[in-house]
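S.K.: Let me begin by handing over the structure; questions about it come next.
None of the figures in this text is laboratory data; all of them are computed from the coordinates on show. What you are looking at is a predicted structure, and each value in this text was computed from that prediction instead of being measured. In this analysis, Cβ positions are derived from the backbone assuming ideal geometry, glycine residues included, and neighbour counts consider all displayed protein chains.
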Amino acid sequence: MLEQKGLEERIDHRTLKAQGIDREPTIHMGAEATALERRGIRTERGDYNREIQKRNQERTALNAAKEKVLLEQRKTVKTAQNRKEMGQYEIETGSVRHWFMLSGCV
C-alpha cells in the first residue's frame with residue numbers, strides 16, 4: 001500500500017528490540033481514549049504513554065551524553081597516541097641528528 005502511493009516508509013512488525021531500537025514501546029490508545037485525549041480529558045492509557053515517552057526522552061538524553069563522553073575519550077586516547085608517536089619521532093630524529101654530528105656530516 002505505501003509503495004503503491006510512492007511512499008518510502010515501511011512497516012516493520014518486529015519488536016523495537018528486534019529492530020535494534022533502544023526505546024520502550026507505548027501502548028495502543030484505542031479510538032475512545034484518543035478521542036478523550038484530543039478533547040483534553042486525560043485517560044489512564046494516555047497517562048501511561050506519557051510516562052513511557054518521558055522515560056524514552058531521558059534514555060535518549062542519557063545515551064547522547066554517553067556517546068559524547070565516549071567520543072571525548074577516543075579523542076583523548078588518539079591525542080595521547082599522537083604525542084607518543086611524535087615523541088618516538090623526536091627520539092629517532094634526534095638520534096639521526098646526533099649520528100650526523102658524530103660523523104662530521106653536520
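S.K.: Over what distance in Å are the Cα centres of the stretch 1-44 and the stretch 57-81 separated?
M.R.: Answer, in whole Å: 31.
S.K.: Treat the count of other C-beta atoms within 10 Å as a stand-in for reagent exposure and order 7, 36 from fewest to most. Could the numbers behind the result be given before it?
M.R.: On the way: 7 9, 36 16.
Result, fewest neighbours first: 7, 36.
S.K.: Can you work out the FRET efficiency for the pair residue 55 and residue 18, with r the C-beta to C-beta distance and R0 = 25 Å, to the nearest 0.05?
M.R.: Working: r = 20 Å, r/R0 = 0.79.
Once the sixth-power term is evaluated, E becomes 0.80.
S.K.: Which of the GluC sites (Glu not before Pro) across the stretch 1-84 are loop residues per DSSP, with 15 or fewer other Cβ within 10 Å?
M.R.: The qualifying sites are 3, 8, 9.
S.K.: Which entries of 17/75; 17/54; 54/78 have Cα-Cα distances beyond 27 Å here?
M.R.: Table pairs above 27 Å Cα-Cα are 17/75; 54/78.
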